[in-house]
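Notes to accompany the following structure.
Every number here is computed from the coordinates shown, using simple stated rules; none is lab data. These numbers were taken from a predicted model, which means no experiment stands behind them. Note that each Cβ is placed from the backbone with ideal geometry, even for glycine, and that neighbours are counted across all protein chains shown.
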Amino acid sequence: EEQEEDVLRELRLFLRNVTERLALDRRFKAFTKPVDIEEVPDYLMVIRKPMDLSTLLTNIDQHKYVTVREFMSDTDLIWQNALEYNPDSDPMDRHIRHRACALKDTVRAIIRDELDEDFERVCEEIRESR
Ligand SMILES: O=C(C1CCC1)N1C[C@@H]2C[C@H]3C[C@@H](O)[C@@H](O)[C@]2(C1)O3
């Protein structure tokens, strides 16, 4: 009903704010756009579910997320994919993995500090009711 749409509108505002803050962080520049398949032809053979910050924003606007948990499944893909595709000891890979871990920690810290658990519980109830 209308109150549910108000809750989901507030969820989208929160998720957009988090995503935009991540996209402004210079450490996360490599995560802002999809990996360029012309530049990395084997990427989709290794990584089955690509994800990036611009795609998160598109998903939010398409009402893909009804809970923060669903949003975090996609933010987890971003850093998990980076760790998986860039496992080597060379400096570039290590640089990417350090930033992937920073992205993981930053998202968790924002959610811990800024998401009210009662709000997420209401979102989960809406998801289960649909
Ligand atoms: O995994 C990634 C992104 C970094 C976090 C997501 N890429 C795979 C390629 C390997 C490495 C060096 C460049 O070839 C560049 O194309 C990529 C992009 O970085």
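The table below lists the values:
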quantity	calculated
Condition check for D61: within 10 Å of the ligand (Cβ to nearest atom), closer than 20 Å to N17 by Cα and under 19 Å from the mean Cα position of the chain (by Cα)	no
Cβ pairs under 8 Å, 6+ apart, first in the range 1-29 and without any contact (Cβ under 8 Å) to a residue 40 or more places away in the chain, second of a type in the set (G, A, S)	A23/S54
Test: T32 is more than 10 Å from the ligand (Cβ to nearest atom) and of a type in the set (S, T, Y)	no
